[in-house]
1. In the range 250-268, what count of residues is obtained for those that are part of a loop (DSSP other than H, G, I, E, B), in contact with a strand residue (DSSP E or B) (Cβ under 7 Å, 6 or more places away or on another chain) and not charged (D, E, K, R)?
2. One residue is enough: does the range 196-214 have a residue meeting the conditions under 22 Å from Gly93 (Cα atoms) and in contact with a Pro (Cβ under 8 Å, 6 or more places away or on another chain)?
3. Considering each of Gly208, Gly162, Gly188, Gly195 in turn, give the residue that is within 16 Å of the ligand (Cβ to nearest atom), closer than 20 Å to Leu252 by Cα and small (Gly, Ala, Ser).
4. Condition first: in a helix (DSSP H, G or I), in contact with a Phe, Trp or Tyr (Cβ under 7 Å, 6 or more places away or on another chain) and at pLDDT 95 or above. Can you find one or more residues in the range 241-249 that meet it?
5. Looking at His70 and the list (1) within 24 Å of Leu150 (Cα to Cα); (2) at pLDDT below 95; (3) in a loop (DSSP other than H, G, I, E, B); (4) more than 15 Å from the ligand (Cβ to nearest atom), which single condition is not satisfied?
6. Being among the aliphatic types (A, V, I, L, M) and under 13 Å from the mean Cα position of the chain (by Cα) is the filter; apply it to the range 58-96 and report the residue that is surrounded by the fewest Cβ atoms within 10 Å (Cβ to Cβ).
7. Quick one: what pairs do we get from the range 255-268, first residue at pLDDT 95 or above, second among the small types (Gly, Ala, Ser), C-beta under 7 Å, 6+ apart or different chains?
8. Does at least one position in the range 187-194 carry a residue that is under 30 Å from Asp19 (Cβ atoms) and small (Gly, Ala, Ser)?
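The values are calculated or read from the model by the stated rules, or taken from the named source; none is laboratory data. What you see is a predicted model, and the numbers here were worked out from it, not measured in a lab. Note that we place each Cβ from the backbone using ideal geometry, even for glycine, and neighbour counts take in every protein chain shown.
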Amino acid sequence: MSVFYDTHAHLDYPDYASDLPDVIERARAAGITKIISIGTDLESSRRAVKLADRFAGIFAAVGWHPSNAHEAPEDIRPALRELVRHPKVVAIGETGLDYHRLPGVKSGDAEENARYKLKQAEIFRQQLEVAIEAGLNCVIHQRNSFDDTLAQLRPFAGKVRGVFHCFGEDAGRMRRVLETGSLVSFTGIATFKNGQNVRDTIAATPSGRFMLETDCPYLAPVPYRGKRCEPAHVKEISETVALVRGCSLDELSAATCQAAAEFFPKLK
Ligand SMILES: [Zn+2]
């Protein structure tokens, strides 16, 4: 059986409160040997670290999601500096920019939107700084904000890299990400009927420059679409990605696990 990693899961979410040991056991049985649980604020990050303590094969990323930016403290760096010292904290994130639901859209309050964007940019920058200090890379979330996210990352290129997670952009944008030294990762959207755009990008992405993830509990692949997603479903994602790329599962396993080991140096 080919081994894969789930490089982006939200195992601290209440969706798994009742059966997390079973979820992790099913992942192991499916050959998913390493899972990174991603923090979305400080509490979520702390829960992810606790899960990493509790389960072998679980690792944590600590950070603050841009959609929660308005609730973030002025300076999140001191708390993150504490958390990154843990041996199983392998990345900062998820961080980035999200312009999908701006608070001022309904009211037409342009100033409110500007303030919100500024706060997102501020905590994104703080997280890039902590990542550089700690020698870690960043898990990047962007939605309707591709150009601004890449522009904010670019001055840090050479010091810190990002993985543009749940990548759903075209091949041209994928190449712009790779040019900065960053990577992309693909979810179960690859299996969706309406996922041809992502499949085209998957086919065009060079080997070693992408990883696999579920983003669970969201985005369960076919045939589980619409249900709660879990790390075991990387198996279905890997089968589709191998098919799209015309490679074997073993080749895909080697390329994606090596990319993850190199991107997350503490993933051991
Ligand atoms: Zn996520």
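1. 2
2. The answer is yes, given that some residue of the range 196-214 is under 22 Å from Gly93 (Cα atoms) and in contact with a Pro (Cβ under 8 Å, 6 or more places away or on another chain).
3. Details: Gly208 fails: within 16 Å of the ligand (Cβ to nearest atom); Gly162 fails: closer than 20 Å to Leu252 by Cα; Gly195 fails: within 16 Å of the ligand (Cβ to nearest atom).
Of the residues listed, the single one that is within 16 Å of the ligand (Cβ to nearest atom), closer than 20 Å to Leu252 by Cα and small (Gly, Ala, Ser) is Gly188.
4. yes
5. For His70, the failing item is (3).
6. This residue is Val90.
7. That search, which allows pairs on different chains as well, returns Ala255/Ser207; Ala255/Gly208; Gln258/Gly208; Ala259/Gly208; Phe264/Ala91; Leu267/Ala260; Leu267/Ala261.
8. Yes, because at least one residue in the range 187-194 is under 30 Å from Asp19 (Cβ atoms) and small (Gly, Ala, Ser).
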